[in-house]
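First up is the structure itself, then whatever we jot down about it.
The values are calculated or read from the model by the stated rules, or taken from the named source; none is laboratory data. Bear in mind the structure is a predicted one, so any value in this text is a computation, not a measurement. Methodologically, a virtual Cβ is constructed for each residue, glycine included, from the backbone with ideal geometry; neighbour enumeration extends over all protein chains shown. Each accessible area value is taken on the protein alone, full model and side chains, heavy atoms only, with ligands, DNA and RNA left out. Shrake-Rupley method; radii C 1.70, N 1.55, O 1.52, S 1.80 Å.
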Amino acid sequence: MRWSGQSIGAERGDALPGLESNSGLVRSVTTPEFAGVTFHEVLAKSALNRVPAADRSGTYGWTINPYRGCSHACVYCFARPTHTYLEFDGGADFDQQIVVKTNVADVLRRELRKPSWDRHPVALGTNTDPYQRAEGRYRLMPGVIRALADSGTPFSILTKGTLLRRDLPTLVDAARSVPVDLAMSIAVYDDELQQQVEPGTPTTAARLATVRAIRDAGLECSVFLMPVLPFITDTRAHLDEAIGRAAEAGASSVMYSALHLRPGVKPWWAAWLQRTRPDLVARYRSMYLDNTYAPADYRRWLADRVRPILAAHGLGLGRVDPATGSMGFSDRQAHLVPGERAAAATAPRAPRPGSGDTGPRALVGSVITNAGITNGYRVPVSLDEQSRPTSSPLKRADPDFDRRGAGTTVIGGPSGPTLF
């Protein structure tokens, strides 16, 4: 491993005061209650990560990752390639070799005290989950939350972990000082499928109950319906159940996007697909062989499908931060370049549940855009996305696509003709 040359006795001049001789890898731990998982406890040199926007807009965001690797073991996880930097693989190692930054809260407090820190919003959960099972053992998040709130720094948390409920009192207290945005990631509403593709996560029902608990505590909570799995969870029946159950749980909004497969993720997803849905291998090869993202035609087709379902359940489409991939922050003006703040102040907000605001909007990924300004940050308007064909190539190729899987389980279901 990259830290294998470090030891408890190693000396470093750039460590925190008092920890010069105890930096890097502290120890590796295995315990019976986490069978098969090894925790590598390390002392981090930094907590805040500066992330440039993926849309090349020149904006950027800040993130914190208390853990590297994730025992949720989601087959499709886009963060898997980041584990290879540590000379682990992005498959079983990502799921079972968890790096724990045991001093992350202390380092964060030091960084937030710097005069140069201007209280940019900070996102947690955009790479690996801060409320994965390890958090029950290490309890890093309460210190992180308090450090951010005490410094006046807005923050967001995206998680699949129901352990967030433990920290609800701390989050409620933090929200009295700074904007706090919370979101629960719930992509699959078929219990059998959920355990196949997300074997280490809490159940869908438990996550929906956590959404309800957050709302009952007086905080907003969005639901990330991400990723939508082409030909698996994109039927009307599944999407309607997903959005309907999110609405029943009190979700403030829903955000969605189609599966994207980075090069380091494709082999692990392909292996799962070959084992469980060999009938879909050719379709996925056609869609993703030379692409990271689903084809534009598919994304437009999915947008046309989701939009009326959201309206039917009285839910608005949430905002996604272009830099971090998290939900849009309550204090989005921190993302604007000078001169845009006045325009942002009057920019339309995303509709609230039940508002009836279902007017025409242009969709870029899962971000609502109005003349290029999205609730406080700039997003490029794609003319291609606004010019939707009256009939998607998907529908022309497979007239039964809309009805496939309705009322039946997706697992092992019949497949239609090849679309691509």
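The table below lists the values:
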item	result
Count - residues of the stretch 70-104 that are outside any helix (DSSP H, G or I) and in contact with an Asp or Glu (Cβ under 7 Å, 6 or more places away or on another chain)	7
The lone exception for T38 - which of (1) of a type outside the set (A, V, I, L, M); (2) modelled with pLDDT under 85; (3) open to solvent by less than 70 Å² (accessible area, probe 1.4 Å) it fails	(2)
Residue in the stretch 201-222 that is out of contact with any strand residue (DSSP E or B) (no Cβ under 9 Å at 6 or more places or on another chain), assigned to a helix (DSSP H, G or I) and open to solvent by less than 10 Å² (accessible area, probe 1.4 Å) present	yes
Verdict on V107 being open to solvent by less than 20 Å² (accessible area, probe 1.4 Å), part of a helix (DSSP H, G or I), over 21 Å from R166 (Cβ atoms) and touching a strand residue (DSSP E or B) at 6+ places or on another chain (Cβ under 9 Å)	yes
The stretch 162-177 - residue that is touching a residue at least 40 places away in the same chain (Cβ under 8 Å), of a type outside the set (S, T, Y) and touching a helix residue (DSSP H, G or I) at 6+ places or on another chain (Cβ under 7 Å) and, of those, surrounded by the most Cβ atoms within 10 Å (Cβ to Cβ)	L164
Subset of the stretch 110-136 that is within 22 Å of Y60 (Cβ to Cβ) and of a type in the set (D, E) - its residue that is surrounded by the fewest Cβ atoms within 10 Å (Cβ to Cβ)	D118
Tally, over the stretch 245-266, of residues that are over 20 Å from the mean Cα position of the chain (by Cα) and touching a residue at least 60 places away in the same chain (Cβ under 8 Å)	0
In the stretch 275-317, the residues that are over 21 Å from L225 (Cα atoms) and hydroxyl-bearing (S, T, Y)	T276, S286
Criterion violated by G152 - all others in (1) at pLDDT 95 or above; (2) buried (at least 16 other Cβ atoms within 10 Å of the Cβ) satisfied	(2)
Residue in the stretch 192-200 that is under 17 Å from S71 (Cβ atoms), open to solvent by 10 Å² or more (accessible area, probe 1.4 Å) and without any contact (Cβ under 8 Å) to a residue 60 or more places away in the chain present	yes
Number of positions in the stretch 241-257 that are surrounded by fewer than 18 Cβ atoms within 10 Å (Cβ to Cβ) and not in a loop (DSSP other than H, G, I, E, B)	3
